[in-house]
Amino acid sequence: MEFLYTYEGMRLEFPLVSPEEARFVIIGVPFDGTTSFKPGARFGPTLIRHATLNLESYVLDYDIDVSQLPIADIGDVSVVAGDPRRTADRVRETVEELHTVNNLAIPILLGGEHSQTLGAVEALKPKSYVVFDAHLDLRESYEENPYNHACVARRIAELGVREAIFGVRSGTREEVDFAEKNGITWVHARDYDFDAFVELVEPLPEPVYLSVDIDAFDLSLVPSTGTPEAGGLGFWDIIEAVEWMVKNKRIVGFDIMEVAGESIGGITALTAAKLLFYFLGAMGRGLLNP
Ligand code: MN
Ligand code: MN
């Protein structure tokens, strides 16, 4: 099928299937129009796809080859330069188009600014939003734009979606107050552990949208991201949480956002690519052994 707003970019080097036949559909969102500090998230989708070339498609600890899964890669969304709302509209329409031909397909966004998660959530209408992020992203507006990356969790909460945020170590008092008043739970990176994760996520209603702002990981794993923050989570912290989610919750959408980078083979994209393979592997394990 043809998508209104996507164009041929780099694709995963897998034996891909069509969007109609796919269970997982990769959508790149090369938008970095409201980046506040470190630019380059527009290169995230390409850098993540390229970094997968370094990885074995066989996930050792799952005994599963992710290249054998029904995966489509529909390229990148054509962005509206500098306009996060209109670009997120294109993300929403792309996911809606996908679901008109295959409503079982799980979109996997590779980004690109976190602002773009809003479009996928608007299309998928999950009941809960579980996110790993160094930041609360609960600002009413930032740099005079309510669709700035720093506002995405706020816009999603306003849709009536329940939220839990993990790995946080940056926010304002106003964001903390908004979370408190609106029943949004979050765990500071210092206090994070697996039990804390399960305790907050277990009661959340399904279906769930799962988002990883790459800056949730410790800075040493993700030096190239829009707003880097020291003191983050370890690699296995997030992988084990993703595994639990896949096993215990119905996930309707997933993303890996805020991957920037200056060069091919960079650390941040390698971390993101490995996370992508673990997500696919965990989901694939469920498909093969339901
Ligand atoms: Mn962040
Ligand atoms: Mn974020």
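Here, each number is a calculation from the coordinates, and none is a lab measurement. Worth saying up front: this structure is predicted, and the values here are computed from it rather than measured. Please note: Cβ atoms are built from the backbone with ideal geometry, for glycine as well, and neighbour counts cover all protein chains shown.
Things to note:
- Residue with peak Gaussian network fluctuation, the chain [Cα springs, cutoff 10 Å], from Asp133, Asp73, Asp195: Asp195
- Over 20 Å [Cα-Cα, region 31-147], rounded percent: 51
- Calculated from backbone phi, Karplus (6.51, -1.76, 1.60) coupling profile of region 28-41 in Hz, x at Gly/Pro: x, 10, x, 10, 9, x, 10, 4, 8, 10, 10, x, x, 5
- Entries in Lys247/Lys274; Lys181/Lys247; Lys127/Lys181; Lys127/Lys274; Lys125/Lys249 that, when Cα-Cα distance is taken, lie over 21 Å: Lys181/Lys247; Lys127/Lys274
- Intensity falloff of region 90-137 expressed as log10 I(q)/I(0), Debye formula with alpha-carbon point scatterers, at q = 0.13 Å⁻¹: -0.31
- Taking the chain and dividing mean pair separation by its residue count, relative contact order in percent (alpha carbons under 8 Å, at least six apart): 24
- Here the convex hull built on the C-alpha positions of region 120-240 has a volume of 105 cubic angstrom per residue.
- Dimensions of region 6-288 based on its C-alpha atoms, expressed as ranges along the principal axes with the largest first, amount to 48, 41, 37 Å.
- Label zone at Glu158, where the point sits 7 Å out along the Cα-to-Cβ direction: region 165-199 residues whose backbone N lies under 19 Å: 172-185
- Dividing the summed helix terms, -39500 (n - 2.57) for each DSSP H run of n ≥ 4, by the number of residues in the chain produces a 222 nm estimate of -10000 deg cm²/dmol to the nearest 500.
- For region 6-288, share of DSSP beta bridges that run antiparallel, in % to the nearest 5: 10
- The chain: DSSP helices with Cα axial extent of at least 27 Å and average Kyte-Doolittle hydropathy no lower than -0.5: 267-288
- Between region 273-287 and region 224-241, the alpha-carbon center distance in angstrom: 18
- If you take all other residues with their beta carbon under 13 Å from the beta carbon of Thr268, and give Lys and Arg +1 and Asp and Glu -1, the sum is -3.
- Ranked for footprinting exposure by Cβ neighbours inside 10 Å, fewest first, Phe254, Phe31, Phe235, Phe277 give Phe235, Phe277, Phe254, Phe31.
- With at most 13 neighbouring Cβ atoms within 10 Å, loop GluC sites (Glu not before Pro) (DSSP) excluded, longest segment of the chain: 145-261
- Stretching the chain fully between Leu60 and Asp195 yields a gain of 46.1 nm (0.36 nm per residue, less the alpha carbon separation).
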